[in-house]
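Report on the following structure.
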Amino acid sequence: MRELPKAYEPTQVEEKWQKRWQEEGCFHADPHSAKPAYSIVIPPPNVTGVLHMGHVLNNTIQDILARRARQEGREVLWLPGTDHAGIATQARVEKELAKETPPRTRFDVGREDFVKMVWAWKEEHGGIIIKQLKKLGCSCDWERERFTMDPGYAAAVARVFTDLFREGLIYRGLRMVNWDPVLLTALSDEEVIMTPSKSKLYTVRYRLEDDPNRWLLVATTRPETIMADVAVAVNPNDPRYADLLGKKVIRPLCETPIPIIADEHVEIGFGTGALKITPAHDRVDFEVGVRFGLKIIDVLTADGHINCPDCPELHGLDRFAARDKSAVLLREKGLLEKEEAYDNNVGVSQRSDVPIEPRLSMQWFLRYPCVQEAKDAVSNGDIVFRPAHWAKTYAHWLDGIQDWCISRQLWWGHRIPVWYRKEQAAELKEAPKLDAEDEKAGRIYVGVNPPDDPENWVQDEDALDTWFSSWLWPFATMDDECRAKFYPTSDLVTGPDIIFFWVSRMIMAGFRFAGGKPFSNVFFTSIVRDLLGRKMSKSLGNSPDPLDLIARYGADGLRFGLMRIAPTGTDVKFDEKQIEEGKNFANKLYNAARFRMMQGEASTDPAPHFSAVHIDILSKLKELHSQVADSLGKYEFNACTQALYSFFWNEYCSLFLEAVKNDLRDGAVPAVRNATLHTIDTVLRHYLALLAPIMPHIAEELWESLGYAARHDGKPLMLTELPDADVLLSGLDESEISRARVSANALYETANRARNLKSEYNLATNKNVRLVVKPAMPVDADLASRLALLAGAKETLVQADYSAPRGTPTALTPFGELFLPLEGLVDVEAEKSRIAKELDKIAKEISRSEAKLGNASFVQRAPAEVVQQEQDRLRDWKEKRQRLTAMLTSLS
RNA sequence: GCACGGGUAGCUCAGUGGUAGAGCGGCUGCUUUACACGCAGUUGGUCAGGGGUUCGAAUCCCUUCCCGUGUACCA
């Protein structure tokens with residue numbers, strides 16, 4: 001017997017295999033392989049990122065898919081990498097600068113040096129998450145790790161920009177954008193989160209110019225922008241104000257007459273029905289302003305302070321301070337009618353968490369390409385979304401799609417590949433419109449490489465939105481050879497939170513630039529929440545550290561535990577208990593393997609003779625093969641994991657192994673012993689292969705230590721094809737198999753009843769009891785001895801004419817009547833009440849069943865087999881009742 | 001407002017028309033020679049509420065309530 005520790009210790013095993021897999025090139029994808037391709041590109045985590053539970057869920061799923069595909073004989077590319085994450089990374093380095101003494105900003109450092117600093121930071125800290133993914137066991141082709149600012153990738157980004165610009169889909173223009181006053185950059189609509197907030201609604205009195213006694217009441221949440229009002233609008237159908245149209249009111253701050261105009265947009269029922277029009281600071285007002293040709297007065301600085309020297313009380317104040325202050329000013333002037341609490345939604349920057357400002361600014365925009373193709377691909381099933389309902393969200397977004405603001409006022413990222421001719425630069429920077437015509441005219445230069453005579457040009461200052469590089473990820477990460485083999489990719493596994501940011505845009509880019517869809521399936525993972533249902537976040541401190549979980553439960557334990565609770569449609573509520581179960585399961589597996597190792601080699605006996613329990617477990621193993629295949633085929637990872645769990649723990653360990661232990665004892669018949677060892681090996685060999693995608697390390701370890709690797713030329717499990725389920729039970733016909741399963745099932749059920757009986761008589765631990773079966777089916781010596789073993793009895797007597805002493809505990813089992821002779825310890829009363837209790841239960845079943853069968857329409861309308869089933873059930877219950885009644889009578 | 005997802009045992013979740021399930025937890029026992037990260041037994045449910053369809057509903061339909069998500073508008 002080999003000495004092995006009693007408990008499984010994952011840490012070293014996992015490290016060992018991660019190293020060996022890499023050394024043996026197990027993860028490497030060969031574009032020249034003749035095998036059919038399977039590919040996934042990783043959703044590139046931010047270089048600033050550290051592994052969180054969402055990554056674990058996401059990447060475990062990808063790893064399962066990749067490993068399973070390898071077992072199925074496919075050439076697998078799982079392409080890893082990271083995203084430069086413009087804002088996040090720049091902010092990270094700026095934070096470091098701010099910590100210096102004296103604190104510095106990026107402007108102190110200058111653009112060129114600052115970008116160098118970010119690169120240096122990236123080189124030093126950027127790889128953390130990649131290392132963490134390796135610890136999870138991810139089988140990415142690490143030799144192909146990509147970064148969204150790799151030279152080749154950057155060229156692809158510039159190429160795409162250039163093409164879209166020349167096509168007229170990219171243009172520059174002065175537009176209302178979402179402005180982040182902290183980060184000082186424009187944002188896309190997707191980066192703004194509408195957040196319910198407690199605001200105030202101020203009702204302000206605007207005096208009519210030609211009637212000092214008449215007032216127009218205007219409700220606003222933003223009195224600090226009154227100085228920028230250029231009109232007041234009312235609905236043209238509002239009778240209250242019909243006579244005021246064309247007149248003017250006096251703006252209450254920075255007083256000056258402004259017109260009263262009529263616009264359909266104003267809702268009669270809201271507030272006072274009069275709306276102040278402030279084109280510089282509100283999207284809708286801007287449009288109204290355009291419709292009426294109104295002036296634009298901007299009273300806010302880029303960083304959200306009031307810029308209005310004409311109103312010295314407010315000038316220079318922060319926008320929120322100015323809001324309060326302007327209310328005070330209005331109240332002092334007697335112009336504040338009222339101030340009330342008001343719940344509204346405020347657009348908040350996803351990045352800096354502050355309310356954004358609608359701001360008129362010069363930005364670059366993209367009119368999306370291939371929108372129709374993208375829409376069709378999902379609606380016609382060419383790309384399959386799982387869960388399917390996300391297709392609706394996707395379609396809805398595409399239907400209301402707006403041009404994408406792609407420029408950011410950042411330094412870290414892909415710089416816009418547009419250069420202005422030096423002598424015209426100042427003028428061109430203000431040009432209201434810039435398009436392909438300007439390039440043709442030689443006023444600007446657009447291209448992948450800088451112009452040949454850079455001294456004559458000035459490059460655009462802005463960088464591109466990070467997602468403008470991410471949307472090329474499925475193909476810009478591959479060279480031609482790789483693309484020929486692996487594009488389009490097979491599966492994309494990602495969170496539904498980036499369906500607009502990333503998934504939809506990749507689909508459009510795929511059609512526009514790579515000749516077709518970027519992937520065939522999208523699996524949207526659930527969002528991992530804490531037990532209170534809250535999103536995991538740093539600020540709440542409710543996010544467990546995956547590395548800590550790996551250290552305590554093993555990567556396999558973490559993977560397995562998480563997969564068991566990962567549902568397909570909804571969120572996952574994370575419970576560490578589940579991960580502990582994963583670890584416990586690994587331990588169970590390890591010990592079952594250890595048990596096998598203690599038995600020594602099986603002989604090569606060519607004809608093991610199987611008994612019912614062997615056939616039974618092999619047939620269940622065969623079922624497991626198809627359960628795993630089916631559930632993985634449907635991306636039902638929890639079902640797959642659950643099937644693996646219950647097969648191994650319940651069917652194999654609790655039933656089968658316990659039933660065959662005597663076969664392995666000293667003195668057992670060698671042929672019997674051998675049959676059992678063969679069966680155990682078959683089960684373990686197949687099982688480890690089936691489990692490997694989910695728990696790769698322990699599966700690989702046991703595969704080797706059980707000697708199965710040696711049977712496959714010493715190859716690691718992950719390079720071994722899935723064993724063939726069809727060879728299991730070959731040579732046995734269906735009827736033999738089903739007979740064996742009936743017997744085995746009867747054995748296990750009878751053993752349960754026997755244990756129940758023992759327990760009820762407080763004999764659970766007594767192994768000296770005898771069991772007697774009055775058989776109702778064939779119970780051969782093999783079954784009888786296994787029953788004794790399972791039930792913890794000395795022996796089982798099978799005796800058709802057994803006459804039990806009065807009051808002997810008894811139970812009805814599939815084998816027939818089972819007795820637990822107590823040899824003098826009989827408690828007649830206890831047995832009577834026990835039987836009476838059971839009769840009660842049976843009576844209820846019978847009346848339920850009789851009621852059902854007594855219902856004429858049930859018998860007429862239900863399918864014949866359902867009726868038959870019910871009749872059989874009733875007959876069984878009645879038979880049981882009869883026998884129990886007889887027992888009861890014999891006791892009195 | 002609109003759309004989507006969910007509400008099943010104390011907890012986390014399976015269960016798509018035919019006898020309500022698993023794991024954990026609770027409670028009783030057990031150092032049973034692979035495993036106390038374990039074994040055996042046991043407890044525990046108006047399947048959110050109401051209505052309907054059906055011989056039969058956790059499951060299908062309608063409706064209400066609650067939780068979550070997305071999206072639009074918000075002066």
Confirm whether residue A:427 is out of contact with any Leu (no Cβ under 9 Å at 6 or more places or on another chain), more than 19 Å from residue A:86 (Cα to Cα) and open to solvent by 50 Å² or more (accessible area, probe 1.4 Å). yes
Tally of residues being assigned to a helix (DSSP H, G or I) and open to solvent by 30 Å² or more (accessible area, probe 1.4 Å) across region A:627-650: 11
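Residue-wise test of (1) open to solvent by 20 Å² or more (accessible area, probe 1.4 Å); (2) of a type outside the set (A, V, I, L, M); (3) near RNA strand B (Cβ under 10 Å from one of its atoms); (4) touching a strand residue (DSSP E or B) at 6+ places or on another chain (Cβ under 9 Å).
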{"site": "A:213", "(1), (2), (3), (4)": "yes, yes, no, yes"}
{"site": "A:235", "(1), (2), (3), (4)": "no, yes, yes, yes"}
{"site": "A:241", "(1), (2), (3), (4)": "yes, yes, no, yes"}
{"site": "A:254", "(1), (2), (3), (4)": "yes, yes, no, no"}
{"site": "A:262", "(1), (2), (3), (4)": "yes, no, no, yes"}
{"site": "A:275", "(1), (2), (3), (4)": "yes, no, yes, yes"}
{"site": "A:282", "(1), (2), (3), (4)": "yes, yes, yes, yes"}
(1) small (Gly, Ala, Ser); (2) modelled with pLDDT under 95; (3) in contact with a strand residue (DSSP E or B) (Cβ under 7 Å, 6 or more places away or on another chain) all hold for residue A:66 apart from (2)
Could you go through region A:284-299 and let me know if any residue there is in a helix (DSSP H, G or I), among the charged types (D, E, K, R), open to solvent by 30 Å² or more (accessible area, probe 1.4 Å) and in contact with an Asp or Glu (Cβ under 9 Å, 6 or more places away or on another chain). yes
Checked region A:308-341 for anything under 46 Å from the mean Cα position of the chain (by Cα) and open to solvent by 60 Å² or more (accessible area, probe 1.4 Å); matches are A:320, A:324, A:339, A:340, A:341
Residue A:160 vs. criteria assigned to a helix (DSSP H, G or I), over 23 Å from the mean Cα position of the chain (by Cα), surrounded by 20 or more Cβ atoms within 10 Å (Cβ to Cβ) and not aromatic (Phe, Trp, Tyr): yes
Residues satisfying the stated conditions in region A:651-675, i.e. within 11 Å of RNA strand B (Cβ to nearest atom) and part of a loop (DSSP other than H, G, I, E, B): A:665, A:666
Could you run through region A:412-430 and say how many residues are farther than 24 Å from residue A:152 by Cα, without any contact (Cβ under 8 Å) to a residue 60 or more places away in the chain and not basic (Lys, Arg)? 7
For region A:716-758, name all the residues that are buried (at least 17 other Cβ atoms within 10 Å of the Cβ) and not in a helix (DSSP H, G or I). A:716, A:720, A:722, A:723, A:728, A:729
Out of all the residues in region A:415-427, is one or more within 18 Å of residue A:506 (Cα to Cα) and either among the β-branched types (Val, Ile, Thr) or at pLDDT 90 or above (or both)? no
Condition first: of a type outside the set (A, V, I, L, M) and without any contact (Cβ under 8 Å) to a residue 12 or more places away in the chain. Now tell me which residues in region A:602-621 satisfy that. A:604, A:606
Please name all residue pairs, on different chains or six or more residues apart, with Cβ atoms under 6 Å, provided the first residue is in region A:834-853 and is surrounded by 12 or more Cβ atoms within 10 Å (Cβ to Cβ) and the second residue is small (Gly, Ala, Ser). none
Residue check: is residue A:624 farther than 21 Å from residue A:732 by Cα, more than 13 Å from RNA strand B (Cβ to nearest atom), in contact with a helix residue (DSSP H, G or I) (Cβ under 7 Å, 6 or more places away or on another chain) and part of a helix (DSSP H, G or I)? no
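Take the residues in region A:433-449 that are out of contact with any Leu (no Cβ under 9 Å at 6 or more places or on another chain) and surrounded by 11 or more Cβ atoms within 10 Å (Cβ to Cβ), then tell me which one is nearest to residue A:151 (Cα to Cα).
Step by step, filter region A:433-449, then rank; the result is A:448.
Conditions tested, residue by residue: (1) closer than 30 Å to residue A:675 by Cα; (2) more than 16 Å from RNA strand B (Cβ to nearest atom); (3) not β-branched (Val, Ile, Thr).
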residue: A:773; (1), (2), (3): yes, yes, no
residue: A:791; (1), (2), (3): yes, no, yes
residue: A:797; (1), (2), (3): yes, yes, yes
residue: A:823; (1), (2), (3): no, yes, yes
residue: A:875; (1), (2), (3): no, no, yes
residue: A:889; (1), (2), (3): no, yes, no
Confirm whether residue A:817 is in contact with a helix residue (DSSP H, G or I) (Cβ under 9 Å, 6 or more places away or on another chain), open to solvent by less than 80 Å² (accessible area, probe 1.4 Å) and in contact (Cβ under 8 Å) with a residue 60 or more places away in the chain. yes
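For region A:592-611, which positions are among the hydrophobic types (A, V, I, L, M, F, W, C) and open to solvent by 20 Å² or more (accessible area, probe 1.4 Å)?
Residues satisfying the conditions are A:595, A:597, A:598, A:602, A:607, A:610.
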Got at least one residue in region A:217-224 being in a strand (DSSP E or B) and touching a residue at least 60 places away in the same chain (Cβ under 8 Å)? yes
Search result, residues across region A:772-801 that are open to solvent by less than 40 Å² (accessible area, probe 1.4 Å) and in contact with a Phe, Trp or Tyr (Cβ under 7 Å, 6 or more places away or on another chain): A:772, A:773, A:779
Taking the stated definitions as given, is residue A:489 in contact with a helix residue (DSSP H, G or I) (Cβ under 9 Å, 6 or more places away or on another chain), among the polar types (S, T, N, Q) and more than 18 Å from residue A:370 (Cβ to Cβ)? no
Subset of region A:167-211 that is near RNA strand B (Cβ under 10 Å from one of its atoms), over 32 Å from the mean Cα position of the chain (by Cα) and among the hydrophobic types (A, V, I, L, M, F, W, C) - its residue that is most open to solvent (accessible area, probe 1.4 Å): A:201
Cβ pairs under 7 Å, 6+ apart, first in region A:642-666 and without any contact (Cβ under 8 Å) to a residue 60 or more places away in the chain, second small (Gly, Ala, Ser): A:643/A:631
So for region A:622-634 (the condition being within 17 Å of residue A:725 (Cβ to Cβ), without any contact (Cβ under 8 Å) to a residue 24 or more places away in the chain and hydrophobic (A, V, I, L, M, F, W, C)), does at least one residue qualify? yes
Within region A:476-535, residues of a type in the set (S, T, N, Q) and more than 10 Å from RNA strand B (Cβ to nearest atom) come out as A:477, A:489, A:490, A:494, A:504, A:520, A:521, A:525
Wholly within region A:1-120, which helices (runs of 4 or more DSSP H) include no fewer than the required count, namely at least 3 residues that are touching a Pro at 6+ places or on another chain (Cβ under 8 Å) and either of a type outside the set (Lys, Arg) or in contact (Cβ under 8 Å) with a residue 40 or more places away in the chain (or both)? A:10-23, A:53-71
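The values are calculated or read from the model by the stated rules, or taken from the named source; none is laboratory data. Keep in mind that what you see is a predicted model, and the values were worked out from it rather than measured. Cβ coordinates were reconstructed from backbone atoms using ideal geometry, including for glycine residues, and neighbour counts include every protein chain displayed. Remember, those area values only see protein heavy atoms, side chains included, never the ligands or the DNA or RNA. Shrake-Rupley method; radii C 1.70, N 1.55, O 1.52, S 1.80 Å.
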